[in-house]
Amino acid sequence: MTRRPKRSGISYIENDNNRSISFSKRRAGLYKTAADLSTLTGATIAIALESKIGKIYSFGTPSAGLIIDSFLSRNAPVDPFVNEEQKAKITLLQNKLFKIEKENFMEDRRTKETTIWAKETQKPQGRLSLSIATVEELNKLVYDLSRIKQEINNDRLCPQQPNYQLEVGGSRDPFLAQLSSSSSPS
């Protein structure tokens, strides 16, 4: 798998379409990282974003509104989980979600690698270029292939017999005869 070249720095994206796509992807990545941090540490996290066009996005675990209200009122954070059983269920579901997302990512990766492999194996290997061949060359190729096919069919119908014959009490094979004469007492 090829590596992406290192970035020389982060700069403003001039193209509106590319900037919008980058914002969406990075926002999703930020939310996922925040959810992972909350799952691993039990921290309550709130994120508020405003896009260039003024649209507001928020994310929170468990709820962005409760955490932001607590922050703005400078009061101690309010635990939205009334009991530990609900908290345990939410943590379990977050872990399951993380596992499913990881499996989906790995499946997508395998699919991409398989697609790349399939495309590479379908590329011509350069053995014969039929677009360059003349009619005479193609006729000769057809003749040669039919002759080879005929030879294969003849070999199947009449298999080659071995060149030696076995005798009772011995062999006509020179190698076996030499072995039997050297092992017999003289």
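The values are calculated or read from the model by the stated rules, or taken from the named source; none is laboratory data. Not measured: the values here are computed from a predicted model. Heads up, the Cβs are rebuilt from the backbone with ideal geometry, glycines too, and the neighbour counts pull from every protein chain shown.
Filtering the stretch 38-49 to residues that are over 13 Å from residue 90 (Cα atoms) and in a helix (DSSP H, G or I) leaves only 41. Out of all the residues in the stretch 27-37, is one or more under 25 Å from residue 96 (Cα atoms), in a loop (DSSP other than H, G, I, E, B), of a type outside the set (Phe, Trp, Tyr) and free of Cβ contacts under 8 Å to residues at least 60 places away in the same chain? No, every residue in the stretch 27-37 fails to be under 25 Å from residue 96 (Cα atoms), in a loop (DSSP other than H, G, I, E, B), of a type outside the set (Phe, Trp, Tyr) and free of Cβ contacts under 8 Å to residues at least 60 places away in the same chain.
Pairing residues of the stretch 57-86 that are more than 18 Å from residue 37 (Cα to Cα) with residues that are modelled with pLDDT of 75 or more and among the charged types (D, E, K, R), at Cβ distances under 7 Å and at least 6 apart in sequence or on separate chains, gives 57/27.
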